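To start, the structure itself, in structure tokens.
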Amino acid sequence: MNNARKGSGLLKTVLVIDDDLDTLAFMNKILTNAGYEFLQAVSVKESQITIQNFAPHLILVDYKLGEENGFEILNYLKSVNSMRLIPVVMMSSTVNKKLVLQALSSGALEFIGKPLKAATIVQKVKKILKQHELPTIIFKESPKVLAKCIAETIKINEMNVLLQSSVKFDTKTPLKIDSAFFNNLGANNCRFNTEGEPFVANPGVYRTKVNFKGMNENTARKIRNIKVQT
Amino acid sequence: MSSTNQTILNLDDDPDFNNILRVILKKEGFKLKSATTPEEFAKLINKEPPLLCLVDINLDVAMGAGYQMIQAMRNRLGFELPILVISRRASQEDIGRALELGANDFIPKPIDDTYLIQKINQYLPRENFKPLPYFKVSQKDWPCEVSFNLEIYSLSEFGITFTSNHFLSKGTYLQVDGEFVRDLTGEQRPLKLSIHNSWIDEKSHRFMAFSEFNGEDIQLLSSVRAFIIKNSGARDNA
């Protein structure tokens, strides 16, 4: 197991943008060894696609990208709402005060001069990723989702079914139950409502009484014909 | 259940049926008042609110008069009073329509005494009532899928925290779907998850359950990160 994973339980992705293939190979080696998921791009266009697809945790971009330059990446990130929180470090072999200031004021978090040193890079990446954990969104209005879990219909009569599941269902709540067995009975057309406090069959296994609603006569007759009484 | 008022009110245009019903219910200690027309039914319901209503939705007077009756009752009396619909026409559409309009349940005609009494007990539970025995389901027929509603409390890069009145045990496998999920993943299919941790929120007294994202699923993690960046105002002021 590598270091980055041990720390957070989640693999962090770092995108390095440089038109120099040797730099990319070097960065690939040190970042992968340090436990990060390494992504690379050599042009602005390619960077945009990679950013859209992977939303990397951190971007390292070279100032000079052939005819293009790293500022185009900074501008792109600012223009895309969904990417504006991604931290960016600019790298360059020409280091002067004007360029550094311009980079920082354009949205770069840090500036690193080339030649790159492995220890410095790893240190910086580690530090920035630690400072730039994404926030947890706590919803003001909780989004509703439809959840589906597996369960077992272990006992049945015309009034209700005993459902065994790892979910302890709340009482008087509508559910939907689907199975081949219910299909054959025609019971899948019924509505279902939980009733009462579930019984604990085993730790983490609950038996919930579920009432049938709106059962037709045909289904009731089929259930009566099951015959094996408990 | 109050011991003084044991009245059940029914609407059916067949006096013979009403007499049979009266006999069945009397044995259970209920007093039946019958109406043969909607007008009469309305008068009776206003005079003395019953414990429960049995309404035939297939009256001869006017097809579907029973449906209108249910709707009118819900509008005027709210949803407390149990309304059980009785009908000879047992099509699933009719039953569905009655339930949509606010009926609690359906009882097929001809009436099966046991079925009727058991149904009534579901809505008017009495002590010492003997429920129907269960049939054992053959084990091969046990597996089923259960669908229910959940709410999302929070979302981080690492996973989703659900909030619910249902308790989701650790290790529960879930498929979640809906507009939110599709927005989050950018995929047109449900998201598969398992529950890693469950607890009770002290403040809301609701159950909470955390599900961690699969760390190998780079595509999902990327979508989640993009979603969080897009939807969090956390660094807007920075």
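Would segment B:133-140 turn up any residue that is surrounded by fewer than 19 Cβ atoms within 10 Å (Cβ to Cβ), farther than 28 Å from A:LEU10 by Cα, touching a Phe, Trp or Tyr at 6+ places or on another chain (Cβ under 9 Å) and not assigned by TED's automatic domain parsing to the domain that holds B:ILE86? Yes: one or more hits.
Test B:TYR173 against the criterion of being among the hydroxyl-bearing types (Ser, Thr, Tyr), surrounded by fewer than 18 Cβ atoms within 10 Å (Cβ to Cβ), under 27 Å from A:ALA187 (Cβ atoms) and not assigned by TED's automatic domain parsing to the domain that holds B:TYR115, and give yes or no. Against the criterion (among the hydroxyl-bearing types (Ser, Thr, Tyr), surrounded by fewer than 18 Cβ atoms within 10 Å (Cβ to Cβ), under 27 Å from A:ALA187 (Cβ atoms) and not assigned by TED's automatic domain parsing to the domain that holds B:TYR115), B:TYR173 qualifies.
Restricting the first member to segment B:160-181 and to residues that are within 7 Å of chain A (Cβ to nearest Cβ), and the second to residues that are outside any strand (DSSP E or B) and acidic (Asp, Glu), the beta-carbon pairs closer than 8 Å and six or more apart or on different chains are B:THR163/B:ASP201; B:ASN165/A:ASP170; B:HIS166/A:ASP170.
Table: residues versus (1) surrounded by fewer than 17 Cβ atoms within 10 Å (Cβ to Cβ); (2) touching a Gly at 6+ places or on another chain (Cβ under 7 Å); (3) assigned to a helix (DSSP H, G or I); (4) modelled with pLDDT under 90.
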| residue | (1), (2), (3), (4) |
| --- | --- |
| A:LYS78 | yes, yes, yes, yes |
| A:MET90 | no, yes, no, no |
| A:THR94 | yes, no, no, yes |
| A:LEU104 | yes, no, yes, no |
| A:ALA119 | yes, no, yes, no |
| A:GLN123 | yes, no, yes, no |
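To keep it simple, each residue is scored yes or no on (1) hydrophobic (A, V, I, L, M, F, W, C); (2) over 26 Å from B:VAL181 (Cβ atoms); (3) touching a helix residue (DSSP H, G or I) at 6+ places or on another chain (Cβ under 9 Å).
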site: A:ALA103; (1), (2), (3): yes, yes, yes
site: A:GLY107; (1), (2), (3): no, yes, yes
site: A:ILE112; (1), (2), (3): yes, yes, yes
site: A:LEU116; (1), (2), (3): yes, yes, yes
site: A:LYS127; (1), (2), (3): no, yes, no
site: A:THR136; (1), (2), (3): no, no, yes
site: A:SER142; (1), (2), (3): no, no, no
site: A:LYS148; (1), (2), (3): no, no, no
site: A:LYS155; (1), (2), (3): no, yes, no
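Do you know which residues across segment A:77-98 are among the basic types (Lys, Arg) and under 15 Å from A:TYR63 (Cβ atoms)? Matches in segment A:77-98: A:LYS97, A:LYS98.
Are any residues in segment B:137-175 assigned to a strand (DSSP E or B) and hydroxyl-bearing (Ser, Thr, Tyr), and if so, which ones? Across segment B:137-175, the qualifying residues are B:SER147, B:TYR153, B:SER154, B:THR161, B:THR163, B:SER164, B:TYR173. Can you confirm whether A:MET83 is facing another protein chain (nearest Cβ under 9 Å), closer than 20 Å to A:ASP18 by Cβ, surrounded by 14 or more Cβ atoms within 10 Å (Cβ to Cβ) and not small (Gly, Ala, Ser)? So A:MET83 fits the description; yes.
The values are calculated or read from the model by the stated rules, or taken from the named source; none is laboratory data. Small disclaimer: the values here were computed from a predicted structure and weren't measured. Note: ideal-geometry Cβ built from the backbone for every residue, glycine included; neighbour counts use all protein chains shown.
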